[in-house]
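Notes follow once the structure below has been shown.
What follows is calculated from the coordinates using simple rules that are stated; it is not laboratory data. Please read all numbers here as calculations on a predicted model, not as lab measurements. FYI the Cβ positions are ideal-geometry reconstructions off the backbone, even for glycines, and counts take in every protein chain you see.
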Amino acid sequence: MTPTGERGQVTAFVTIFVVALLFVAGLVLDGGLLLAAKREADATASAAARAGAQAVSLDALRGSGEQRLDEQASRQAVADFLSQAGYQGRVVEVAADHVSVEVTIQRRLLILGIGNLTSRTVKGRATARNVRGVREAET
């Protein structure tokens, strides 16, 4: 026989344990999804920056032989790439020899989304440099 003062203690313990277990599972699953989204945003930003870094100014190249980027064409190439790939992003900077792009991905949380955290925004940023030929090994 159990004393009447201890009835229901196991139920309270199991309830608290299940809630804690769901929270940890949410951290693992949703955290993994957010890390994968971050990697996806970085990879997409890299690809978009490479697309923009290919927009060489032909006028400058033919005129003075200088290889520099056409800013307007570079921005358009990035916008076209992101549009075709289905991502949102922006050109952060276009300089004479490089393009920086930032990509934003919105991800819904599966388990932690039950509470107030419904989604998270993940950003990836990358820079691509336009280089003519191979000059030396980068370190």
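For this structure, a couple of remarks:
- Test: ARG129 is in contact with a helix residue (DSSP H, G or I) (Cβ under 7 Å, 6 or more places away or on another chain), among the charged types (D, E, K, R) and surrounded by fewer than 19 Cβ atoms within 10 Å (Cβ to Cβ): yes
- Test for THR15: is it within 21 Å of ARG120 (Cα to Cα) and not aliphatic (A, V, I, L, M): no
- Hey, ALA25 of a type in the set (A, V, I, L, M) and either under 16 Å from the mean Cα position of the chain (by Cα) or not in a helix (DSSP H, G or I) (or both) or not: no
- The range 89-132 - residue that is hydroxyl-bearing (Ser, Thr, Tyr) and without any contact (Cβ under 8 Å) to a residue 40 or more places away in the chain and, of those, nearest to ALA45 (Cα to Cα): THR121
- Residues of the range 97-109 satisfying the condition of being under 18 Å from the mean Cα position of the chain (by Cα), farther than 11 Å from LYS123 by Cβ and surrounded by fewer than 18 Cβ atoms within 10 Å (Cβ to Cβ): ARG108
- For the range 106-124, the condition holds for at least one residue, the condition being that it is under 30 Å from VAL19 (Cα atoms), in a strand (DSSP E or B), in contact with a strand residue (DSSP E or B) (Cβ under 6 Å, 6 or more places away or on another chain) and small (Gly, Ala, Ser).
- Total residues in the range 60-88 satisfying the condition of being under 12 Å from ALA47 (Cα atoms) and part of a strand (DSSP E or B): the figure is 0.
- When VAL94 is tested against the conditions (1) more than 30 Å from VAL19 (Cβ to Cβ); (2) within 18 Å of the chain's Cα centre (by Cα); (3) among the β-branched types (Val, Ile, Thr), the lone failure is (2).
- Each residue in the range 8-62 was checked for being exposed (fewer than 13 other Cβ atoms within 10 Å of the Cβ) and acidic (Asp, Glu), and 1 pass.
- Filtering ALA49, ALA25, ALA85, ALA43 for residues that are in contact (Cβ under 8 Å) with a residue 40 or more places away in the chain, in contact with a strand residue (DSSP E or B) (Cβ under 6 Å, 6 or more places away or on another chain) and not aromatic (Phe, Trp, Tyr) leaves a single hit, ALA49.
- All of VAL103, VAL78 fail the test of being of a type outside the set (Gly, Ala, Ser) and under 30 Å from LEU27 (Cβ atoms), apart from VAL103.
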